[in-house]
Amino acid sequence: MKTFLFKSSAILLLLFINLNVYSQESQSGKDERMAWWRDARFGMFIHWGLYSIPAGEWKGDKSHAEWIRTTAQIPLEEYNKFVGQFNPVKFNAEEWVLAAKDAGMKYIVLTSKHHDGFCLWDSDQTDFDVMGTPFKRDILKELADACRKYDMRICWYHSIMDWHHPDYLPRREWETGRTTEGADFDRYVQYLKNQVHEILTKYGDISILWFDGEWESTWNHERAVDLYNYIRSFNTKVIINNRIDVSRDGMAGMSSNQQALGDYGTPEQEIPDTGIPGVDWESCMTMNDHWGYNAADQNWKSSSQLIQNLVDIASKGGNYLLNVGPTSEGVFPPESIERLKVIGKWMKANGSAIYGTQAGPFENLAWGRCTQKQTDQGTRLFLDVFSPAPAKISLPGLMNEPVKAWLLSDASQTALTITRKNGSPEITLPTSGLDDICSVIVLDIKGKPEVVKGPEFSYQYDPASDKVEIRQLPGISRPDLTVYYTTDGTVPTDKMQAFSKPVTLKLPVDFKAVTYIGKKRTGDMTDIRLPLSFGKSVTLLKEPSEKYKAQGTASLTDGIQGSKKFNDGRWLGFEGDDMEAVIDLGKKTAIHSVGLNYIVNTGSWIFEPLNITVETSGDGKKYTTVLTKKNNAALWKQPDGVKQFSDVFPETNARYVKVTVSNRVTCPENHPGKGGKAWIFLDEISIE
Ligand code: H79
């Protein structure tokens, strides 16, 4: 009897705990809360605080921003002096709200408190707030009021980490002068809760609570649950990001487990490769390289890049939270204002391709992106064509019957010509009225979009036979599809052989495959080209950096191309050093060309290689130089992205090919990292 009682009370207790966890709420409860957010798609992040006063500079180092207290190791007493200097007399909340509104943004997220602990409102909990400054105006109140006036949603960013509060732990490693004696983290959590209560109750409806700084050891899931339930006990409407909990997978920002709290994922400074159906996320990104104001940072993204980011994010079903770092006078940097205006102009004409849309049905479009909306008659696709626009755009594998297409900005809605080529609809773009940055074509189709992808394959090199085996991957969406292929470079048709089992091919490989439904060709052609050097063994004469060594030397000839993210685990990175690789083709072979991919990301100190040299050898001892390509070191400011180098040399018989790629070694004079070690990032060498 006793045991039974004990057991049942334990079960009751468990039930009770479960009911108490608000994350167990129904999907419809969450949908209701998220509805405005899913329609909004575009918001403004504002990072503002004491750190705007040093404007990123400390003792001659200009690389800091909102982290300056930690990155420049400024003692607390020293940092506190900024309180007496904070007097942003040009601050005008309505101007900020209108700048956001004119840009087409639907919400503003302001830093109520960043990691430095300084509070931008009149807090009952601390004197380390705006009321202690000469400014003495409640910034949260002024911004919230202005937002309400102009129908803008107001949200707070609030840091869990706090470098000022005596009870917050841990201290910074270098902060040896600040005692931890008597510090009580539980008491800090009470302070945090009291402040969260203030900012959620003193300023009317708050739309999002955007936590950050959750990664230190003192914060954990239990504390997150407690804070979450506390907030929900008096507010069920505020959207809470996933950084309230501790399951964020780094800068990719998505929660790594189902139990994690938070309404949405928060990729930071990156856009996921694909969206995830049913998962809400918002990419927060800067316009230059800092969140807080940095006077020296002139590495601004172009307006065109920012608009294409918004379109890219919307096409994957996410939101874009674009940052502005106001100055210590309380104004937006002119470069930010200029960009907001260009975005606003585009949004006025094309906003219906963004607001209230869902992720598009295509995985990859050569000419741009696609969003969609359900209509009473079927589906409306928005085809966002990046400039320069091609004459025609294809919608690979779209099976639905098109109804009508027109240019969104064309008031007369003149119908554009739609044809079918190789089973995919093709739209002829108008020759006038196109946008300099991104033109939107509206396409109405019947029903829900059905897209048949090109067939997918895996391929593997077998050194014993010196051959490649190609296998089809599962995942074809309909049972009535047949795949036909060729290996001689011609386009396959249904007159050719059907792919029914793995095929084995000699290098170099040129394998093409298409899909048919009955007699009708459909979807993209898959084209697999593998060079002579595919799968061949590589020796590196210099070691890549420990952090960026991909899957080792094989990465250079595995046929798997690194993405535009240098940290995707596929690139070999060399810090302040060259790359020297020797590829062994296995036997003497006639060769005449070399290809090589590299990445440029100057903000991350990754530059174009300086020189590329190719030497060949029959015996691996005596090498002859067959190609030298020199770059001008002064022209380091190349656009970011993945670049392909390729060149030819007189045909020669060789077994060994040595490729040397030289690094500029240090960052150039007029670059923020000047004198620091420069990187080169390389992938996929192809020899033919
Ligand atoms: O407020 C802005 C930045 O100040 C703040 N987030 C944006 C919105 C920011 N804090 N830190 N960082 C950005 C970069 C820090 C990354 C790391 Fe980590 C923290 C690396 C390790 C701990 C987060 C948690 C990423 C990986 C684990």
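Given the options ILE685, VAL665, VAL642, identify the residue whose Cα lies farthest towards the positive end of the charge dipole of segment 537-687 (+1 on Cβ of Lys, Arg; -1 on Cβ of Asp, Glu).
VAL665
Size of the dipole of the chain about the Cα centre, Lys and Arg at +1 and Asp and Glu at -1 on the beta carbon, nothing else charged, in debye to 20? The partial results should precede the final answer.
Details: 78 positive and 88 negative charges, 390 e Å.
Here the size comes out at about 1880 debye.
For LYS547, list the lysines whose Cα falls under 20 Å from its own Cα; do not include residues on the same chain fewer than 8 positions away.
LYS564, LYS565, LYS677
Between the alpha-carbon centers of segment 448-486 and segment 568-591, tell me the distance in whole angstrom.
Their Cα centres are 28 Å away from one another.
If you build the convex hull over the alpha carbons only and average its shadow over all orientations, what do you get for segment 618-686? Give it in nm² to one decimal.
Details: hull surface 24.9 nm².
It is 6.2 nm².
Using +1 at the C-beta of Lys and Arg and -1 at the C-beta of Asp and Glu, which of GLN308, VAL97, VAL491 has the Cα lying farthest in the positive direction of the dipole of the chain?
Checked the options; the winner is VAL491.
How far is it, in nm, from the label point at GLU95 to the one at ARG471 when both lie 7 Å from their Cα along the line to the Cβ?
6.4
Does segment 118-255 come out rounded, prolate or oblate by the C-alpha gyration tensor, with a ≥ b ≥ c the root eigenvalues, rounded set by a/c under 1.5 and, if not, prolate when a/b is larger than b/c and oblate if not? Before the final figure, lay out each step's value.
Values: a/c = 1.87, a/b = 1.22, b/c = 1.53.
It is oblate, given that a/c is not under 1.5 and a/b is not larger than b/c.
Using alpha carbons only, what's the Rg to Rh ratio of segment 360-446 with Rh from Kirkwood?
Working: Rg = 11.9 Å, Rh = 12.9 Å.
Checking Rg against Rh, the ratio lands at 0.92.
Under 18 Å from the Cα of LYS341, which lysines turn up, not counting those fewer than eight places away in the same chain?
The qualifying lysines are LYS101, LYS106, LYS301.
Nearest 20 debye, what's the magnitude of the dipole of segment 537-687 about its Cα centre given +1 on Lys and Arg Cβ and -1 on Asp and Glu Cβ?
Details: 19 positive and 18 negative charges, 23 e Å.
So the dipole magnitude of segment 537-687 works out to roughly 100 debye.
Could you work out how far the C-alpha centroid of segment 73-88 sits from that of segment 271-287, in angstrom?
36
How high is the relative contact order of the chain, in percent, counting Cα pairs under 8 Å that sit 6 or more residues apart? Each step should come with its number before you reach the end.
Numbers: 1511 pairs, mean separation 61.6, N = 688.
For the chain, the relative contact order is 9 percent.
For segment 457-530, compute Rg over Rh where Rg is the Cα radius of gyration and Rh is the Kirkwood radius from the inverse mean 1/r over Cα pairs. Mind dumping the intermediate values first?
Working: Rg = 12.6 Å, Rh = 12.9 Å.
When Rh is taken as the Kirkwood radius, the ratio is 0.98.
Report the one residue of GLN269, GLY182, ILE68 whose Cα lies farthest in the direction of the positive end of the charge dipole of segment 30-353 (charges on C-beta: Lys and Arg +1, Asp and Glu -1; origin at the Cα centre).
GLN269
On a straight-distance basis, which aspartates and glutamates could pair with LYS59 in a cross-link, Cα separation under 16 angstrom, same-chain partners fewer than 8 positions away excluded?
Result set, ordered by chain and number: GLU78.
At 1.4 Å probe size, what's the solvent-accessible area of CYS370? Round to the nearest 10 Å².
The accessible area of CYS370 comes to roughly 10 Å².
I need the Debye-formula profile for the chain: one equal scatterer per C-alpha, no solvent, reported as log10 I(q)/I(0) at q = 0.08 1/Å, two decimals.
Those come out to -0.77, one per q.
Would you kindly find the accessible area of SER412, with a 1.4 Å probe and non-protein molecules such as ligands, DNA and RNA excluded, rounding to the nearest 10 Å²?
Roll a 1.4 Å probe over it and SER412 shows about 80 Å².
How far, in degrees from 0 to 90, does helix 185-201 lean away from the longest principal axis of the Cα atoms of the chain, to the nearest 10?
With rounding to tens, the tilt is 90 degrees.
Could you state the accessible area per residue of the chain in Å², with a 1.4 Å probe and every protein chain left in place? Please report the intermediate quantities before stating the final value.
Values: 31320 Å² over 688 residues.
Solvent-accessible surface per residue comes out at 46 Å².
At a probe size of 1.4 Å, how large is the accessible area of PHE42, to the nearest 10 Å²?
0
Which percent of the accessible area of the chain is formed by carbon and sulfur heavy atoms (probe 1.4 angstrom)? Mind dumping the intermediate values first?
Numbers: 15770 of 31320 Å².
The computed percentage sits at 50.
On C-alpha positions alone, give me the angle between the axis of helix 2-20 and the longest principal axis of the chain, in degrees, nearest 10.
Compared with the principal axis, the helix lies near 80 degrees.
The values are calculated or read from the model by the stated rules, or taken from the named source; none is laboratory data. Note that the structure is a prediction, hence the values are computed from the model and not measured. Counting neighbours? That spans all protein chains shown, and the Cβs are built from the backbone with ideal geometry, glycine included. Areas reflect the complete protein model, heavy atoms only, side chains present, ligands, DNA and RNA absent. Shrake-Rupley method; radii C 1.70, N 1.55, O 1.52, S 1.80 Å.
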